[in-house]
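Asker: Before anything else, here's the structure in question.
The values are calculated or read from the model by the stated rules, or taken from the named source; none is laboratory data. Here the structure is a predicted model, which means the values were calculated and not measured. So basically every Cβ, Gly included, is an ideal-geometry build from the backbone, and we count neighbours across all protein chains shown. Note: areas computed on protein heavy atoms with side chains; ligands, DNA, RNA excluded. Shrake-Rupley method; radii C 1.70, N 1.55, O 1.52, S 1.80 Å.
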Amino acid sequence: FGAFTFVRKNQTCLDSSTRTLSTPSPGLILPSKSSSLSSPALSSNGHETNSSSSSSAPAETVAVVHPQPGTHTRSRQSKTHHLAPIDLLPDHTLLQIFSHLPTNQLCRCARVCRRWYNLAWDPRLWGTVRLTGELLHADRAIRVLTHRLCQDTPNVCLTLETVVVNGCKRLTDRGLLVVAQCCPELRHLEVAGCYNISNEAVFEVVSRCPNLEHLNLSGCSKVTCISLTPEASLQLSPLHGQQISIHYLDMTDCFSLEDEGLRTIASHCPRLTHLYLRRCTRLTDEALRHLALHCPSIRELSLSDCRLVGDFGLREVARLEGCLRYLSVAHCTRITDVGMRYVARYCPRLRYLNARGCEGLTDHGLGHLARSCPKLKSLDVGKCPLVSDSGLEQLAMYCQGLRRVSLRACESVTGRGLKALAANCCELQLLNVQDCEVSPEALRFVRRHCRRCVIEHTNPAFY
């Protein structure tokens, strides 16, 4: 009976110490036990981790909260304790090693021992959180992580500046609201492919995170505008002179974005320098007028596959004048030499132009571009059937610093134009002439004069 009492007393002490010393920790994001451990996990480098096992039903990925290691009373062991070699490393060395680990591995390290737990949750290691995986319960993972990171500074994560949640289809407005409430110092946010995000969540983020500079909403098809007003339908000017400090905005595949939405974005985000609107098929020339009016500092602009944009839209883009360095109007079939002439005249510092699939572009427009934009480094005029050797000769004469040229499926291009490019553009690094009627002799000429050039071709006679 005495032995039984002793055991019960020790058990009571053990329970008491567990309750008082253990600290909750989102040690790992793991699949549920009922599933085969093959669900994607948290990743810092943006890659999913897959296992070889397969299951007929998709398993839910959950956030597991672990107590602080080393808090339980250990059974009596040998008095001799041998340290592992890694235990001999000082704290600052371990911190340096931990700083290179992805989010999920850092959480695993927190489960090893008490020392590693304290080091793994050092605030200096948590400037960035990356989550990925279609089955990941992103809302729960964000809630658990932010709760742990807010222990030293209640309700806020002052060190967290970057959150990347790409491809997490289960992320909703609730998860993004937690980020907005707990991360006032947020500067970089990526939620690409999270199609459940809506305007309300984006409003919370931009209104609560005044330092936000980089926002990637590509694939968020429900987002129609970004503003400091909660109602997307209200066309108001920035409240009390407030402005959103976003410099980089990617709204690729935001199919619901229309002219009024872009007008609201432009009026609230005048500091934009990088704007990507690929496949926003509802945008017209009118939207670009507001863009040029409110965002004069844009350096990179992509309008690829915006098929309603034409020459009048390029005229408005040309009002950006000396700031524009990168322009993509690929597959904008309404663009002709007229619009290209506006760009050439008012954007002399242009470095990159993608006009692939602009079937109205001819040698005349290419000549205007070559004479007015001598600093051009990269040009794509693939699938422009009216571009021929004459246009390439003008390009070679005035843009001798060209490094990348794509002429794919330009049926009118022959060896004469390629020889002119090779003879004058010695810095050429990439030449795409796939599906062009070019002789092997012309390709050998290019290889002799541009030794660093990679030639992409479909001519079996050239090797």
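Asker: Provide the FRET efficiency to the nearest 0.05 for the E134-R452 pair, computing r from the beta carbons and using R0 = 35 Å.
Answerer: Once rounded, the FRET efficiency stands at 0.30.
Asker: Tell me the net charge near C410. Cut-off is 12 Å between Cβ atoms, C410 excluded, with +1 for each Lys or Arg and -1 for each Asp or Glu.
Answerer: Taking every other residue near C410 into account, the sum is -4.
Asker: Evaluate the distance, in nm, between pseudo-label points positioned 7 Å from the Cα of Q400 and of Y195 along their respective Cα→Cβ axes.
Answerer: Going by the 7 Å Cα→Cβ label model, 5.2 nm.
Asker: What is the local net charge at G339, summed over the other residues whose Cβ is closer than 12 Å to its Cβ (Lys, Arg +1; Asp, Glu -1)?
Answerer: After counting each charged neighbour, the total is 0.
Asker: On a full-extension model of 0.36 nm per residue, what is the gain between T333 and Q96, subtracting their alpha-carbon distance, rounded to one decimal in nm?
Answerer: 80.1 nm
Asker: So, one more: Keeping the other protein chains in place, figure out the carbon and sulfur percent of the accessible area of the range 102-167, with a 1.4 Å probe.
Answerer: 49
Asker: Can you pull the accessible area of C436 for me, 1.4 Å probe, Å² to the nearest 10?
Answerer: 20
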